Amino acid sequence: MDKEQVENLHKLSRQEKYEAAQMLWDDIAQEQSDISLPAGHKKILEERIEKLNSGTAHFRTWEEIKGKYFSAK
């Protein structure tokens, strides 16, 4: 993308920027099958899917997460 194209993007309205971003995201999503997932990431995802399918997955509420990771120290 050249400088002029970037400048033209800045001139778009907020709605036009949103629509352009959505079009780009949709295009990327269609191509996601071309992206290879590292083996370690794939294994973790497969394990998590198995836990979901078997009913053994454990979940925390947003309040629990905030309390554990975002509490003032």
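Quick note: the coordinates plus some simple rules give every number you see, no bench work behind them. In this text the structure is predicted, and so the values were computed from the model without any measurement. FYI the Cβ positions are ideal-geometry reconstructions off the backbone, even for glycines, and counts take in every protein chain you see.
Residues in the range 62-73 that are exposed (fewer than 10 other Cβ atoms within 10 Å of the Cβ) and within 20 Å of the chain's Cα centre (by Cα): 62 only. Take the range 2-40 and flag every residue that is assigned to a loop (DSSP other than H, G, I, E, B) and either surrounded by fewer than 10 Cβ atoms within 10 Å (Cβ to Cβ) or touching a Gly at 6+ places or on another chain (Cβ under 6 Å) (or both). If the condition is that a residue be assigned to a loop (DSSP other than H, G, I, E, B) and either surrounded by fewer than 10 Cβ atoms within 10 Å (Cβ to Cβ) or touching a Gly at 6+ places or on another chain (Cβ under 6 Å) (or both), then 2, 13, 31, 35, 36, 38 are the ones that fit.
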